[in-house]
1. Tell me which residues, restricted to segment 1-40, are among the hydrophobic types (A, V, I, L, M, F, W, C) and open to solvent by less than 100 Å² (accessible area, probe 1.4 Å).
2. Exactly one condition in (1) under 18 Å from Thr10 (Cα atoms); (2) more than 13 Å from the chain's Cα centre (by Cα) is false for Ala39; which is it?
3. Give me the pairs: first residue in segment 18-29 and touching a residue at least 12 places away in the same chain (Cβ under 8 Å), second residue aromatic (Phe, Trp, Tyr) and not in a helix (DSSP H, G or I), beta-carbon distance under 7 Å, and six or more apart or on different chains, which are they?
4. Tell me, please, whether a residue that is of a type in the set (A, V, I, L, M, F, W, C), surrounded by 20 or more Cβ atoms within 10 Å (Cβ to Cβ) and under 16 Å from Tyr19 (Cα atoms) can be found in segment 56-78.
5. Take segment 31-54 and flag every residue that is at negative phi and in contact with a strand residue (DSSP E or B) (Cβ under 7 Å, 6 or more places away or on another chain).
6. For segment 30-40, give me each residue that is acidic (Asp, Glu) and within 13 Å of Tyr19 (Cβ to Cβ).
7. Would you check which residues across segment 18-33 are within 19 Å of Asn73 (Cβ to Cβ) and within 14 Å of the chain's Cα centre (by Cα) and list them?
8. Across segment 120-148, which residue is modelled with the lowest pLDDT among those that are closer than 20 Å to Arg14 by Cβ and surrounded by 17 or more Cβ atoms within 10 Å (Cβ to Cβ)?
Amino acid sequence: MSTKSKQRGTETERKVVRYLAEFGFHQAERRALRGENDAGDVAGIPGVCIEIKGDRSNKVSAWKLETVREAANAKADFYFLVVRRDYKPVQEWEVHMPVGFLCDDLSHGFNRLEEEPWIRMDLEVAAEVMLDRGFGPWDPSWPITAST
């Protein structure tokens, strides 16, 4: 991986973490790399694994598999993939997640990638889904000031 590519990845992760923190996930932070036991790119949101890609290669299928593997490492109940989209604000970057996470029952297991379709939405919508599902210490009295 080139230095420029690595810098883009780091910048992408920082923007997503900053957005989530401003949205109400105040403990969100970049996670240190853990090699083959990687548990996603964001720490500080218990039960959630977030994989972030700034790469322009658009290998979404492979990235979904990576996300599922890292969610298993993290023992996360909820997981999704964020893909940077150039010329769009961070809140409009693509999020891919299993459609089952929009249902009331989150009791499905890992490695069901072939069985369950994934859906795509903006990061802003995914952050609202996380709050709706009870992830994150959000208080309705806090203003939402998310920006890029």
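The values are calculated or read from the model by the stated rules, or taken from the named source; none is laboratory data. These figures come from a predicted structure and were not determined experimentally. A quick note on method: Cβ atoms are made from the backbone with ideal geometry, for glycine too, and the neighbour counts reach across all protein chains shown. Calculation scope for accessible area: heavy atoms of the full protein, side chains included, ligands and nucleic acids excluded. Shrake-Rupley method; radii C 1.70, N 1.55, O 1.52, S 1.80 Å.
1. Passing the criteria: Val16, Val17, Leu20, Ala21, Phe23, Phe25, Ala28, Ala32, Ala39.
2. Condition not satisfied by Ala39: (2).
3. Qualifying pairs under 7 Å: Gly24/Trp138; Gly24/Trp142.
4. no
5. Within segment 31-54, Arg31, Ala39, Asp41, Val42, Ala43, Val48, Cys49, Ile50, Glu51, Ile52, Lys53 meet the criteria.
6. none
7. Selection gives Ala28, Glu29, Arg30, Arg31.
8. Going through the qualifying residues, I end up with Ala146.
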